[in-house]
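Report on one structure; see the data block that follows.
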Amino acid sequence: MSLNFKHLRYFWTVAKAGSVARAARLLHLTPHAISAQLATLETSLGTSLFHRVGRRLELTEAGQRILGHADEIFALGDRIVELMRDENLNIAQPFRIGIADSMPKSVVYRLIEPALQLDAAPRLICREGRLEGLLGELAVHRLDIVLADRPLPPGVSVRGYSHLLGDSPLSVFASPALAATLPGSFPASLDRAPFLLPGEDVAHRPALLQWLERMDVHPRIVAEFDDGALMKAFGQAGAGLFVAPTAIAAYICEQYKVIELGKIDKVREQIYAITTERKLTHPAMLAIRQRAREAIP
């Protein structure tokens, strides 16, 4: 019996992605085509590789054994291809970073920048998107690391490890003109003030809303933003108050010409590196972690 490596790749992608539908999107094929290839592989091996639990696929014992070997096969194959391509083009090795779209971009740059200063600096490839999609890319080794404001969500069928890089309390900022109209002291001054709220995908949003409720202040929500940079631009123009990590308060004030009104110690912005490795070993990963320890204790 000879092994069809195309069928093995499909099996490996389904196992990493957690479902036929998600694997089909990653491979740009139809779910029916993936299912047919899996059936062919199982027939050739004489064993079942998956069993269904509710709506989810779980590996059988045989599937788990085969997945471990497939990890080694495809990781080695990817390294060989990248090595030969980069040697032929005489360019640096790529290092692929997924960035959750809820992450503050100014924080992301500060974390990643040291990787550009390494003696053998990699060629950075940065992909931004929703966390779930990025984790799918990580699972099939199209990304080396994902930076996010939350750990690996429970129930996600991706084998990965969450490394807490640091966290910071939040501060509230306002344009000087808007700050001058606010009565009283912080946090009472937030009551009825125009407020720019982070989008629903931002991890600290629920804690922020709970804190406002506990403080018995009720700002007037004028807009919500998935994009933190856009929210800060509106804040700079005086459209409303906004929050950002205290760790970069000086940068926010200088960059956006705003004033820090006060700090919210009970609400934290957390930064995680999510990888398929239990330990961070790549030089770029280590550089990112060291910068996080310095800038976001």
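The values are calculated or read from the model by the stated rules, or taken from the named source; none is laboratory data. Fair warning: this is a prediction, and the values are worked out from it, not measured in the lab. Note that we place each Cβ from the backbone using ideal geometry, even for glycine, and neighbour counts take in every protein chain shown.
Conditions tested, residue by residue: (1) hydrophobic (A, V, I, L, M, F, W, C); (2) over 20 Å from PRO183 (Cβ atoms).
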| position | (1), (2) |
| --- | --- |
| MET215 | yes, no |
| GLU224 | no, yes |
| ASP227 | no, yes |
| ALA237 | yes, yes |
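If I filter the stretch 232-286 down to residues being among the aliphatic types (A, V, I, L, M) and closer than 17 Å to SER162 by Cα, which single residue comes out as surrounded by the fewest Cβ atoms within 10 Å (Cβ to Cβ)? Lay out the reasoning, then the answer.
Taking the stretch 232-286 as the starting set, the residues that turn out to be among the aliphatic types (A, V, I, L, M) are 233, 237, 239, 241, 243-244, 247-250, 252, 258-259, 261, 264, 267, 271, 273-274, 280, 284-286.
Now drop any that are not closer than 17 Å to SER162 by Cα, which leaves 271, 273-274, 280, 284-286.
Numbers: ILE271: 25, ALA273: 21, ILE274: 25, LEU280: 18, ALA284: 22, MET285: 20, LEU286: 15.
The extreme case among them is LEU286.
On the given criteria, is PHE234 in contact with a Pro (Cβ under 9 Å, 6 or more places away or on another chain), of a type in the set (Phe, Trp, Tyr), under 28 Å from GLY129 (Cα atoms) and not in a loop (DSSP other than H, G, I, E, B)? Spelling it out, it is not the case that PHE234 is in contact with a Pro (Cβ under 9 Å, 6 or more places away or on another chain), of a type in the set (Phe, Trp, Tyr), under 28 Å from GLY129 (Cα atoms) and not in a loop (DSSP other than H, G, I, E, B).
Between ALA223, ALA292, ALA273, ALA239, which is small (Gly, Ala, Ser), out of contact with any Asp or Glu (no Cβ under 9 Å at 6 or more places or on another chain) and in a loop (DSSP other than H, G, I, E, B)? Write out each step before concluding.
Working: ALA223 fails: in a loop (DSSP other than H, G, I, E, B); ALA292 fails: in a loop (DSSP other than H, G, I, E, B); ALA273 fails: in a loop (DSSP other than H, G, I, E, B).
Step by step, each of ALA223, ALA292, ALA273, ALA239 is checked, and only ALA239 is small (Gly, Ala, Ser), out of contact with any Asp or Glu (no Cβ under 9 Å at 6 or more places or on another chain) and in a loop (DSSP other than H, G, I, E, B).
Quick check on my filter: what residues within the stretch 244-285 are free of Cβ contacts under 8 Å to residues at least 60 places away in the same chain and of a type in the set (A, V, I, L, M)? Selection gives ALA250 alone. Search the stretch 31-47 for residues that are on the phi > 0 side of the Ramachandran plot and pair each with any residue that is outside any helix (DSSP H, G or I) and at pLDDT below 85 when their beta-carbon atoms are under 9 Å apart and the residues are at least 6 apart or on different chains. Sorted first by the residue in the stretch 31-47, then by its partner, the pairs are GLY46/MET1.
Given the criteria surrounded by fewer than 18 Cβ atoms within 10 Å (Cβ to Cβ) and modelled with pLDDT of 95 or more, does HIS218 qualify? For HIS218, the condition - surrounded by fewer than 18 Cβ atoms within 10 Å (Cβ to Cβ) and modelled with pLDDT of 95 or more - is met.
Scanning the stretch 164-184 for residues that are in contact with a strand residue (DSSP E or B) (Cβ under 9 Å, 6 or more places away or on another chain), in the same structural domain as PHE242 (by TED's automatic domain parsing), in a helix (DSSP H, G or I) and buried (at least 16 other Cβ atoms within 10 Å of the Cβ) turns up at least one hit.
Scanning the stretch 95-125 for residues that are exposed (fewer than 14 other Cβ atoms within 10 Å of the Cβ) and part of a strand (DSSP E or B) yields ARG123, ILE125. I'd like the full set of residues that are over 16 Å from LYS16 (Cβ atoms) and either among the polar types (S, T, N, Q) or part of a helix (DSSP H, G or I) (or both), limited to the stretch 39-59. Result: ALA39, THR40, GLU42, THR43, SER44, LEU45, THR47, SER48. Tallying residues that are more than 17 Å from LYS105 (Cα to Cα), in contact with a helix residue (DSSP H, G or I) (Cβ under 6 Å, 6 or more places away or on another chain) and without any contact (Cβ under 8 Å) to a residue 40 or more places away in the chain within the stretch 218-243 yields 1.
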